[in-house]
Amino acid sequence: MEKISTITESILLVDDNPTNLQVLFQTLDGVGCKLLVAKNGEMALSITDKARPDLILLDIMMPGIDGYEVCRQLKSVPATADIPVIFLSALGDTEDKVKGLQLGAVDYITKPFQPDEVIARVNTHLTIHRLKKEVESRKDQLEHELKVVSEVQQKLLPKQLPEIDGFKLAVHYETSRYAGGDYYDIIELPDNHWGFLIADAEGHSAPAAVLMAMTCALFRSYPGTTTDPSKMLQYLNEHLCKVADPSFMTALYAVYDANQKTMRLARAGQPLPMIYRFSEKQAIEFPCPGVYPLGIEPYEIEIPVTEMKLEAGDRFLVYTDGVSERFNAEGDIYGEKRVLQLLATNRADKPRDVLAAIMADVERFADKLPADDDQALLLGIVE
Amino acid sequence: MEIIQKEENGIVAITIKGRLDADSSPEAEKVVKDALEGQTTRVLFNLASLEYLSSAGLRVLLGAAKEMRRKDGKIVLCALNEFVKEIFEVSGFQSLIPIAESVESGIQELS
């Protein structure tokens, strides 16, 4: 096993009896560690505080602060809590061993000890401690990297929503773990047309984030402009097929004509859009034939485009399945019906408030069970 | 999730029960991959007791379908409950992987 650090590890030996200390020192002299010694509990605490040894061999019976108390104090401070402690004492009762282990010691050696046994146990615990530190440092590094990815991702999302004639817009976006696979974007097209993309990369964390970033780059570098939503999805699919395997990306692209108040949409694996009809006072999932997600294989058929006419007061909602497939602790699923019901009954004027109400209801349902998928919603209200 | 695999009359039958989601799909992926290795060219998924399927689960089934296509084999998913069937329809996956109403009709499709 390769050592992660070139700095010599240190072991602190604590015993009030100078002879014992001497014997311990000689026993461990050859293990390749720097040896520190303390004659009592106070000294042990003070040296630990300054030198942060990698292992402590601790006598129990000492005048002043005894070994149990030293251990208790070390374990109560986060900076020293992880240092492994091996108790070393003439006490051989099971009760004493249990007490020591309950205080957080990793091992217990009864005096008089066999030098070979001490060396073997010390080596074992140094190795465990080293591996533990390595795992923790890798975990920190990974979390840090994901956080950086997440920060980059946040920059890929639109900084602010555009002002669209007669169409009030709001978005809710949150990732489950640091980096996420959900993506939304809005672009201005000629002649008062607007393109809304909502997409969801399969999986989570780094792989999903890469796919999300890739989709963003492709979407924004579309050659020319198109108001045909099927062309945009064809284009994205053509390029994602080269890189996504074995993953994929669900997407819905809608082009809104703010002059005519019409929405034309194409759907690849994304949930159906929802619409609240002001005139009918009801919300439905808009029937909208689609194709399988992006990135799997070229489409053999033309991607169907569905057109919907919007009227004043109508509300148009697209979302990713992290919202409708949110679970509670009982294993129940939130479901599209609850989203529909809220869309039908919530009368807030501002789309932001409607989304806040939906998310509050989702959170109430989940009852503190964290989301295991990203959640994105985009809502437009026609004025 | 519970996953059971058996082979009968030249058909590899894989039964998946419970929830096939981001947590359970790595295990399912491994079992499915192992099951499809070698000479296997006909595979049937019994999904009668599959309660929930996330996109990570879809990926596992998609992987199996791609592998079967590569080997010029046949695959069929059987006895999906309403919820799972709806996921297949809405996500467009029903055009990628054949679905049969029951295990019996699935076996017929493979023969």
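Nothing in this text is a laboratory measurement; each read-out follows from the coordinates by a stated rule. Predicted model, so just to flag it, every value in this text is computed and none were measured. With ideal geometry, Cβ positions are generated from the backbone for all residues, glycine too; neighbour counts draw on all protein chains shown.
The spacing between the stretch A:311-383 and the stretch A:269-287, judged by their C-alpha centroids, is 13 Å. Taking a straight Cα-Cα cut-off under 16 Å and skipping sequence neighbours fewer than 8 places away in the same chain, the lysines within cross-link reach of A:LYS97 are A:LYS111. Placing +1 on the Cβ of every Lys and Arg and -1 on the Cβ of every Asp and Glu, with no other charges, gives the stretch A:1-90 a dipole of roughly 160 debye about its Cα centre.
Placing unit charges on the Cβ atoms of the charged side chains and taking the dipole of the stretch A:113-214 about its Cα centre, the candidate lying farthest along the positive direction among A:ILE198, A:ILE119, A:VAL171 is A:ILE119. Calculated on the Cα set of the stretch A:188-294, radius of gyration then Dmax: 14.8, 45 Å. Only helices enter this figure: runs of n ≥ 4 DSSP H residues, each worth -39500 (n - 2.57), summed and divided by the residues of chain A, yield -12000 deg cm²/dmol at 222 nm to the nearest 500. Across peptide B:56-67, the average count of Cβ atoms from other chains found within 10 Å of a residue's Cβ is 3. Mean per-residue shielding of peptide A:287-300 is 3, counting Cβ atoms of other chains within 10 Å of each Cβ. All distinct Cα pairs of the stretch A:1-94 go into the 1/r average, and the inverse of that average, the Kirkwood radius, is 13.6 Å. Here the protein assembly as shown is assigned +1 on the Cβ of each Lys and Arg and -1 on the Cβ of each Asp and Glu. Its dipole about the Cα centre then comes out at about 560 debye. Return the lysines within reach of A:LYS168: Cα separation strictly under 27 angstrom, same-chain partners fewer than 8 residues apart disregarded; answer none if there are no such residues. Within the straight-line cut-off, A:LYS168 pairs with A:LYS155, A:LYS159, A:LYS231, A:LYS261, A:LYS281, A:LYS309, A:LYS337, A:LYS350.
Computed from the C-alpha gyration tensor, the three semi-axes of the ellipsoid equivalent to chain B are 19, 15, 13 Å, from longest to shortest.
Among residues other than A:MET249 with Cβ under 11 Å from its Cβ, the summed charge is -3 (Lys and Arg +1, Asp and Glu -1). The charge dipole of the stretch B:5-53, taken about the Cα centre with unit charges on the Cβ atoms of Lys, Arg (+1) and Asp, Glu (-1), comes to about 120 debye, rounded to the nearest 20. Against the main long axis of the alpha-carbon atoms of chain A, helix A:18-28 sits at an angle near 60°. Taking other C-beta atoms within 10 angstrom as a stand-in for reagent exposure, A:VAL14, A:VAL171 fall in the order A:VAL171, A:VAL14, fewest first.
If I fit a long axis through the Cα atoms of helix A:351-366 and take the longest principal axis of the Cα atoms of chain A, what angle between them do I get, 0 to 90°, rounded to 10? Result, in degrees: 50. When the P(r) is computed for the protein assembly as shown, the part past 39 Å accounts for 45% of the Cα-Cα pairs.
Cross-link partners for A:LYS242 among the aspartates and glutamates, with Cα-Cα distance under 15 Å and sequence neighbours closer than 8 places in the same chain left out: A:GLU297. The angle between the Cα long axis of helix A:115-156 and the longest principal axis of the Cα atoms of chain A comes to about 20 degrees, rounded to the nearest 10.
Projecting the Cα atoms of A:MET61, A:ALA268, A:LEU211 onto the dipole axis of chain A, where Lys and Arg carry +1 and Asp and Glu carry -1 at the beta carbon, places A:MET61 farthest toward the positive end.
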